[in-house]
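Below is one structure, written out as structure tokens; the observations come after it.
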Amino acid sequence: MTTATIFGTGNMGSAIADVLTAGGVDVEHVNSSDQGATINGDIVVLAVPYPALSDIVTQYGDQFAGKTVVDITNPVDFQSFQLAVPSDSSSAAELARKLPEAKVLKAFNTNFAPSLANRSVGDNPTTVLIAGDDENAKTVLATALTAGGLEAIDAGTLSAARELEAIGYLQLQLGISQKIGFTGGFALIK
């Protein structure tokens with residue numbers, strides 16, 4: 001049985017936990033108040049704001065070796081409302097450099113929590129785009145997501161995380177400016 005540890009119990013962490021649980025994954029949560037927790041999941045989902053990644057890596061990074069680590073963040077500097085990573089990088093690439101023994105994936109950052117919870121964006125199924133360099137890790141996550149009622153598409157290698165973060169950034173801009181609702185978002189039609 002696949003197991004997952006999710007950092008964060010906010011809207012995204014809860015919605016992802018619901019999908020994974022529906023897909024047969026045994027899920028545990030770690031909160032910021034859980035100092036020194038043991039990470040048991042095969043999949044570790046970082047459902048936290050981008051600035052929290054550094055502290056998580058410092059505190060738990062050695063436990064991520066051999067695990068699939070899913071970065072869902074959109075690295076937005078909310079002071080300037082610009083992407084907070086260099087134009088030739090991504091938060092997932094930064095994370096992979098800090099966790100060389102982990103299988104880092106980028107996923108969920110182009111989805112709003114309600115579209116995960118509802119399993120739909122309008123009349124279309126919710127699709128999670130997954131980027132990463134480890135094919136098996138992507139397959140395991142995609143299988144759990146489809147078993148939980150979502151669509152999943154392999155978006156390529158981890159270098160594609162930069163483009164996924166740009167899409168996530170655009171979607172956030174549209175949501176914050178109320179041009180789209182947070183119950184909606186982008187949908188992929190096959």
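The values are calculated or read from the model by the stated rules, or taken from the named source; none is laboratory data. This one's a predicted model, so the numbers in the text were calculated from it and none came from an experiment. Backbone-built Cβ (ideal geometry, glycine too); neighbour counts: all protein chains shown. The protein model used for the area step is the full one, side chains on, heavy atoms only, and it has no ligands, DNA or RNA in it. Shrake-Rupley method; radii C 1.70, N 1.55, O 1.52, S 1.80 Å.
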From Ser115, Ser177, Ser91, which residue is of a type outside the set (Asp, Glu) and closer than 30 Å to Ala65 by Cβ?
-> Ser91
Boolean, Ala166 is within 23 Å of Val69 (Cβ to Cβ), touching a Lys or Arg at 6+ places or on another chain (Cβ under 7 Å) and among the small types (Gly, Ala, Ser) | no
Evaluate the following for Thr126: is it of a type in the set (S, T, N, Q) and crowded, with 18+ Cβ neighbours inside 10 Å?
-> yes
Just checking, how many residues over the stretch 53-65 are open to solvent by less than 50 Å² (accessible area, probe 1.4 Å) and out of contact with any Ser or Thr (no Cβ under 8 Å at 6 or more places or on another chain)?
-> 5
Boolean, Ile167 is in contact with a Ser or Thr (Cβ under 8 Å, 6 or more places away or on another chain) and modelled with pLDDT under 95 | yes
Within the stretch 35-52, count every residue that is surrounded by 15 or more Cβ atoms within 10 Å (Cβ to Cβ), at pLDDT below 95 and either in contact with a Cys (Cβ under 6 Å, 6 or more places away or on another chain) or not in a loop (DSSP other than H, G, I, E, B) (or both).
-> 2
Flag for Asn136 being closer than 29 Å to Ser87 by Cα and open to solvent by 10 Å² or more (accessible area, probe 1.4 Å) | yes
Tally of residues being in contact (Cβ under 8 Å) with a residue 40 or more places away in the chain and of a type in the set (Val, Ile, Thr) across the stretch 22-72 = 10
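State whether one or more residues within the stretch 154-164 are under 18 Å from Gly132 (Cβ atoms), in a loop (DSSP other than H, G, I, E, B), at pLDDT 90 or above and not aromatic (Phe, Trp, Tyr).
Pass one, the stretch 154-164, residues under 18 Å from Gly132 (Cβ atoms): 154-164.
With the extra rule that they be in a loop (DSSP other than H, G, I, E, B), the set shrinks to 157.
Add one more test, that the residue is at pLDDT 90 or above, and what stays is 157.
With the extra rule that they be not aromatic (Phe, Trp, Tyr), the set shrinks to 157.
Checking the stretch 154-164: at least one residue is under 18 Å from Gly132 (Cβ atoms), in a loop (DSSP other than H, G, I, E, B), at pLDDT 90 or above and not aromatic (Phe, Trp, Tyr).
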For Gln173, state whether it is open to solvent by 20 Å² or more (accessible area, probe 1.4 Å), under 21 Å from Asp77 (Cα atoms) and assigned to a loop (DSSP other than H, G, I, E, B).
-> no
For the stretch 86-104, which residues satisfy the criterion of being open to solvent by less than 20 Å² (accessible area, probe 1.4 Å), aliphatic (A, V, I, L, M) and assigned to a helix (DSSP H, G or I)?
-> Ala92, Leu95
Which condition breaks for Asp18 when tested against (1) charged (D, E, K, R); (2) under 22 Å from Thr126 (Cβ atoms); (3) open to solvent by less than 40 Å² (accessible area, probe 1.4 Å)?
-> (3)
Restricting attention to the stretch 150-170, which residues are in contact with a Gly (Cβ under 8 Å, 6 or more places away or on another chain) and open to solvent by 40 Å² or more (accessible area, probe 1.4 Å)?
-> Thr157
Sort out which residues of the stretch 67-85 are open to solvent by 50 Å² or more (accessible area, probe 1.4 Å) and either at pLDDT 90 or above or not in a loop (DSSP other than H, G, I, E, B) (or both), and write them in order of number.
-> Asp77, Gln82
